[in-house]
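The values are calculated or read from the model by the stated rules, or taken from the named source; none is laboratory data. Treat the numbers as computed from the prediction; the structure is a model and nothing was measured. Note that each Cβ is placed from the backbone with ideal geometry, even for glycine, and that neighbours are counted across all protein chains shown. With ligands, DNA and RNA removed, areas are computed over all heavy atoms of the protein, side chains included. Shrake-Rupley method; radii C 1.70, N 1.55, O 1.52, S 1.80 Å.
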There are 2 protein chains.
Amino acid sequence: MSSVSNERNVTAPTALPHVLIIGGGFAGLSAARALANAPARVTLIDRRNHHLFQPLLYQVAMAALNPSDVAYPIRAILRDQRNTQVLLAEARRIDLAQRRVELDNGALAYDYLIVASGASHSYFGNEHWATVAPGLKTIEDALDIRRRVFLAYEAAERERDALAQKAWQSFVVIGGGPTGVELAGALAEIGRHTLKDDFRHIDPRSVRVLLIEGRERLLAAFDPQLSADARRALEKLGVEVRTNERVTEVTDQEVTLASGERLPARTVLWAAGVQASALTQSLAANRDRAGRVEVQADLSLPDHPEVFVVGDTAKMLSAGKEVPGMAQGASQSGRHAARQILAELRGEPNARSPFRYRNLGSMATIGRASAIAEIGRWKQSGFFAWLFWWALHIYGLIGFRSRTSAFLNWGWQWLTFQRGARLITGERPELPEIGPADRHD
Amino acid sequence: MSSVSNERNVTAPTALPHVLIIGGGFAGLSAARALANAPARVTLIDRRNHHLFQPLLYQVAMAALNPSDVAYPIRAILRDQRNTQVLLAEARRIDLAQRRVELDNGALAYDYLIVASGASHSYFGNEHWATVAPGLKTIEDALDIRRRVFLAYEAAERERDALAQKAWQSFVVIGGGPTGVELAGALAEIGRHTLKDDFRHIDPRSVRVLLIEGRERLLAAFDPQLSADARRALEKLGVEVRTNERVTEVTDQEVTLASGERLPARTVLWAAGVQASALTQSLAANRDRAGRVEVQADLSLPDHPEVFVVGDTAKMLSAGKEVPGMAQGASQSGRHAARQILAELRGEPNARSPFRYRNLGSMATIGRASAIAEIGRWKQSGFFAWLFWWALHIYGLIGFRSRTSAFLNWGWQWLTFQRGARLITGERPELPEIGPADRHD
């Protein structure tokens, strides 16, 4: 190591305990922040260099925001936290006995471990659907969905067969939770407003958007009245909502429902199921069907008080009730784990306390000016709820810069119905034939 | 075709002549715009859905701007031009005898053809360098370069061998034209300012940036005094400039010079040569070493007055002098070709006129607050030239939205030395081993 880098090293003596955090999402990041002044060496690893503000990722997929509006480099966020280092690395296996984590290349020992490796999509055993029905978890996912959506209109414009054209203009969203509702609303608006004057051979306004939910209502985590409001708002945007409906097959041509009905659609988005990160398979612990680790009341692993599992990777209970898999639960759980460690580092043994989830409310947005919000007993739907949603999310975006840029992008999009980021990048599949030779009808 | 789409068709009778434009860059787009009111059916095809403001593409590669700040959907730009359609398609071959263009799938006949398919990188016969020394022509190129640059710092942070670490912190830019100068200046600033506090095991300020130019001075198209000013400004930023120097080998480990000197560097960027689009190979016409088609004075093809070749695809002369391959030459040539067609469509035969290039001046920027400008006999370097460059480029960005967003991104970056868009996306290669097991020194 050169002398230059030595003088920049973390000043804490190496004898300090090492706290290793896996994952730079809401849970991991809030854990790291809570350890800012801890008498410990803290290492946060993530296989990506950026923290992602996942509640707004669908806006990138729908071309309203840029990737850098919703993502920010983790090392820039933790830059001034001198007891903490950030490493770009992927955790492959956790060795509880040896207290070490094996990485893509190398390994790290720990005294305390916080597992916050998040979740990915689950196709409930139909993993082959992944290629035709992408889910939305990463920036790459969002750009892939954006490419598919806008390519579908390009393909429709090239297509001459009316039925085939219609299939390119049909979008199916599977899963009626907040993400599914948000995607369906945005898809309808893209056709009806954003693209309405851009084509010559198709009418983008004739877009068909289907939202399919297995349960009896959308947004099952919300009050039934708000679910009904959301459904009405979606239908007003032109979305066909199907509840109590199960998907049995998905191909790149159509979606088949349990009823036998077949929906011709070339673009299918998956917002139905999640599954805890595969990393948890190396933990000798009980896991539920979604792969989430069952943790103790203090969020530690049974028989391993030095290991915590938090966020979407854990099945967390608070006062006997399951904690929903949202940003606030993740943040709170990461902070809780860090505080347990902090107390021990400060010589307060037996200071473990059970995790208490504080529900700050839930929201979902439907299109450009409507939302539902449920905060304690306060329930609201419509434009006012949307304004509230908007202010809260702008505030939540990390870093002033992202906030201003997102504010501006949204403001402009809202005023003009445009979506500035609708670039098609990356590979593209074969498109319909252009012809006859002099087509310009 | 459905009735819905029929009622939205172009209203001009199909008997009107068909003008086909290949390429939505500066040349093709300005040709299409000049035909806005022509008695013709106009079709513009491009294999991408966006026009790219190439003079600012390096800012995307250097994480200062977002892709959508410098790119805008072609069909949105031409939305209100009712005699024009835009198709996402790739031209594969031009059949001059049949007057048709074969596409990736299908074909289009034409009465007039404007070939504006641009240029790509040329590695002067060393095409295997492409994988280790990417050039900068597309949004994908820019994101690839961004990934490589910021991954290099991540790799250096993981690396423990001092020499290997140094190679990750060494960047070589090959080619001392405007793009090479701009990339080298930005690379130096990223290490010295943007990232300076972000790492624990390396000092980003010790970054090494080499700029290699085969000719005796940088920016050979400019006045020698300005070249010298630019060199001084780069050296002040810490860039090592090597002129009169040729590269003989490039690998993912090092760059070898004609002198035999070997420069260990894991990141190499190519800004040296361009080559006209391969599409021109199907034209029976003389082409120069860079593959550019030799055109008549009016920019048409010899023996084919109905075919024009413009922009980077053509070797264009104006008053006996070669037209430089820049945005203004491309725009002017596209407009000129369109006007020749327009005159004939309006029944003014023998109205062909020779192309006259009007040099509006050239500029190049060096880092965050310096530039050189040469406009006629007015020559300027330093901060004032930079301000002028900046105002001109903000103005040049298509669409108010891109302009505001870019303005904001730049303003913020300038004030804080930050680069908000430094996300690493896409695949990443294997990184150095992390270890010993408890590394946190």
| note | Taking the stretch A:10-28 and keeping residues part of a helix (DSSP H, G or I) and surrounded by fewer than 24 Cβ atoms within 10 Å (Cβ to Cβ) leaves none
| said: Here are the criteria: (1) more than 26 Å from B:Leu423 (Cβ to Cβ); (2) of a type outside the set (Asp, Glu); (3) open to solvent by 10 Å² or more (accessible area, probe 1.4 Å). Tell me which single one B:Leu108 does not satisfy. | reply: (3)
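Take the residues in the stretch A:36-47 that are more than 7 Å from chain B (Cβ to nearest Cβ), surrounded by 24 or more Cβ atoms within 10 Å (Cβ to Cβ) and in contact with a Leu (Cβ under 6 Å, 6 or more places away or on another chain); name whichever of them is nearest to A:Leu392 (Cα to Cα). I'd like the intermediate steps shown before the answer.
Applying the first criterion (more than 7 Å from chain B (Cβ to nearest Cβ)) to the stretch A:36-47 yields A:36-40, A:42, A:44-47.
Okay, now just the ones that are also surrounded by 24 or more Cβ atoms within 10 Å (Cβ to Cβ), so A:42, A:44-46.
With the extra rule that they be in contact with a Leu (Cβ under 6 Å, 6 or more places away or on another chain), the set shrinks to A:42, A:45.
On the way: A:Val42: 30, A:Ile45: 28 Å.
Restricting to residues being more than 7 Å from chain B (Cβ to nearest Cβ), surrounded by 24 or more Cβ atoms within 10 Å (Cβ to Cβ) and in contact with a Leu (Cβ under 6 Å, 6 or more places away or on another chain), the top hit is A:Ile45.
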| request: Check the stretch A:273-286 and report whether any residue there is part of a loop (DSSP other than H, G, I, E, B), touching a Phe, Trp or Tyr at 6+ places or on another chain (Cβ under 6 Å) and modelled with pLDDT of 95 or more. | output: no
| task | Tell me which residues, restricted to the stretch A:241-258, are closer than 19 Å to A:Trp129 by Cα and either outside any strand (DSSP E or B) or open to solvent by 10 Å² or more (accessible area, probe 1.4 Å) (or both). | result | A:Glu245, A:Arg246, A:Val247, A:Thr248, A:Glu249, A:Thr251, A:Asp252, A:Gln253, A:Glu254, A:Thr256, A:Ala258
| Does the stretch A:358-373 hold any residues that are open to solvent by 10 Å² or more (accessible area, probe 1.4 Å) and under 28 Å from A:His193 (Cβ atoms), and which are they? | A:Ser362, A:Met363, A:Gly367, A:Arg368, A:Ala369, A:Ser370
| query | Which members of the stretch A:87-99 meet the condition of being under 12 Å from A:Ile22 (Cβ atoms), assigned to a strand (DSSP E or B) and within 9 Å of chain B (Cβ to nearest Cβ)? | reply | A:Leu87
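Of everything in the stretch B:72-86, what is within 17 Å of the chain's Cα centre (by Cα) and either part of a helix (DSSP H, G or I) or more than 9 Å from chain A (Cβ to nearest Cβ) (or both)? Give them in sequence order.
Start the filter on the stretch B:72-86 by keeping residues that are within 17 Å of the chain's Cα centre (by Cα), which leaves B:72-74.
Listed by number, the list holds a single entry, B:Ile74.
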| Number of positions in the stretch B:288-305 that are assigned to a strand (DSSP E or B) and surrounded by 17 or more Cβ atoms within 10 Å (Cβ to Cβ) | 4
| remark: Filtering the stretch A:213-239 down to residues that are assigned to a loop (DSSP other than H, G, I, E, B) and surrounded by fewer than 23 Cβ atoms within 10 Å (Cβ to Cβ) yields A:Gly214, A:Arg215, A:Glu216, A:Arg217, A:Ala220, A:Ala221, A:Asp223, A:Leu237, A:Gly238
| So which residues in the stretch B:306-324 are within 14 Å of the chain's Cα centre (by Cα) and open to solvent by 60 Å² or more (accessible area, probe 1.4 Å), if there are any at all? | none
| task | Among the residues of the stretch A:259-272, write down those that are part of a strand (DSSP E or B) and surrounded by 16 or more Cβ atoms within 10 Å (Cβ to Cβ). | result | A:Leu263, A:Thr267, A:Val268, A:Leu269, A:Trp270
| Which of (1) modelled with pLDDT under 95; (2) not in a loop (DSSP other than H, G, I, E, B) is the odd one out, the single condition A:Gly334 does not satisfy? | (1)
| message | Of everything in the stretch A:294-325, what is free of Cβ contacts under 8 Å to residues at least 40 places away in the same chain and out of contact with any strand residue (DSSP E or B) (no Cβ under 6 Å at 6 or more places or on another chain)? Give them in sequence order. | response | A:Gln296, A:Pro302, A:Asp303, A:Leu317, A:Ser318, A:Ala319, A:Gly320, A:Lys321, A:Glu322, A:Val323
| request: Give the number of residues within the stretch B:350-380 that are modelled with pLDDT under 90, among the hydroxyl-bearing types (Ser, Thr, Tyr) and farther than 21 Å from B:Ile190 by Cα. | output: 1
| message | Return the residues of the stretch B:48-71 that are open to solvent by 10 Å² or more (accessible area, probe 1.4 Å) and more than 8 Å from every other protein chain (Cβ to nearest Cβ); say none if nothing qualifies. | response | B:Leu52, B:Phe53, B:Gln54, B:Pro55, B:Tyr58, B:Gln59
| request: Report the residue count in the stretch B:276-287 for those that are open to solvent by 30 Å² or more (accessible area, probe 1.4 Å) and in contact with a helix residue (DSSP H, G or I) (Cβ under 8 Å, 6 or more places away or on another chain). | output: 1
| request: Please specify each residue of the stretch B:214-269 satisfying the condition of being touching a Gly at 6+ places or on another chain (Cβ under 6 Å) and closer than 19 Å to B:Gly361 by Cβ. | output: B:Leu218
